[in-house]
Amino acid sequence: MNAERGARQSASMAAYEPESGAGTGGDHRRTGRFWSARRVPAALLALAVAAAAGLLLYDVAAVRAGRTAMEWRSWLADQLATRTLDDGWVVGVAAALVVVGVWMVVLAVTPGLRGLLPMRETDGIRAGIDRGAAGLVLRDRAMEVSGVRSVRVSVSRHRVRARAQAHFRDLDEVRADLVTVLGEGIRQLGLARQPGLTVRVRRPAKG
């Protein structure tokens, strides 16, 4: 990369790969993701089932006591008796129920809490750090690198991406320092699974 090209365009992307076996040595143990309690979906489903079951049981008990069935149950029985399986309403309701069922299964088998990164378990204590907070910590570390004017850091479960602007120094030198500083910062976060690191450095646009 010549000097003119390096001054105008972004530096090539650099990747830092985490150390193999990180988080498995010493008195640290790797831990899985935190599971969400999902109280809102569970509460909504429980309320819906309880309301439907209570209304149905009340109507059945009323019919047993000699009263007439509620209009909605008579209408539903009539619809089920007259509509065919290929009817649009039947197909639509069935599809909606399938979607809801799949959604509930997905909620049951996935941990959730994607914004919380699990940290290494020490002495039986589990801890986690918010992805936004981890990004702020790494951003502060990156701003200490000489030549960095501004930097944006995004943290996901598998990779940390840093995009920096350098107003002086060679771009490759700034990028190398950022890889070193951010790599050390990731290790000090104590995550159960160290994410990879991608750093890109460019010059700020000229006005």
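Selection within the stretch 82-131: residues that are among the hydroxyl-bearing types (Ser, Thr, Tyr) and within 30 Å of Val49 (Cα to Cα). The member of this set that is least open to solvent (accessible area, probe 1.4 Å) is Thr110.
Number of residues in the stretch 38-78 that are among the charged types (D, E, K, R) and touching a residue at least 12 places away in the same chain (Cβ under 8 Å): the value is 3.
Just so you know, in the stretch 31-78 the residues that are of a type in the set (Lys, Arg) and within 30 Å of Arg131 (Cβ to Cβ) include one that is modelled with the lowest pLDDT, and it is Arg33. Before we move on, is Arg39 among the basic types (Lys, Arg), under 30 Å from Ala127 (Cβ atoms), open to solvent by 70 Å² or more (accessible area, probe 1.4 Å) and out of contact with any Pro (no Cβ under 9 Å at 6 or more places or on another chain)? It is true that Arg39 is among the basic types (Lys, Arg), under 30 Å from Ala127 (Cβ atoms), open to solvent by 70 Å² or more (accessible area, probe 1.4 Å) and out of contact with any Pro (no Cβ under 9 Å at 6 or more places or on another chain).
The conditions of being more than 23 Å from Ile186 (Cα to Cα), open to solvent by less than 50 Å² (accessible area, probe 1.4 Å) and outside any helix (DSSP H, G or I) are not met by Ala62.
Any chance the stretch 151-158 includes a residue that's over 16 Å from Ala176 (Cα atoms), open to solvent by 40 Å² or more (accessible area, probe 1.4 Å) and of a type in the set (D, E, K, R)? Yes, that holds for at least one residue.
Reported count of residues in the stretch 166-183, each being farther than 17 Å from Ala205 by Cα and either open to solvent by 70 Å² or more (accessible area, probe 1.4 Å) or without any contact (Cβ under 8 Å) to a residue 24 or more places away in the chain (or both), is 2.
Filtering the stretch 76-87 to residues that are among the β-branched types (Val, Ile, Thr) and part of a helix (DSSP H, G or I) leaves only Thr82. Of the helices (runs of 4 or more DSSP H) contained entirely in the stretch 88-207, those carrying at least 2 residues that are farther than 30 Å from Ala42 by Cβ fall at 131-143, 171-189.
The values are calculated or read from the model by the stated rules, or taken from the named source; none is laboratory data. Small disclaimer: the values here were computed from a predicted structure and weren't measured. Quick reminder, even Gly has a Cβ in these numbers, built from the backbone with ideal geometry, and neighbours come from all protein chains shown. Ligands, DNA and RNA are excluded from the accessible area calculation, which covers all protein heavy atoms including side chains. Shrake-Rupley method; radii C 1.70, N 1.55, O 1.52, S 1.80 Å.
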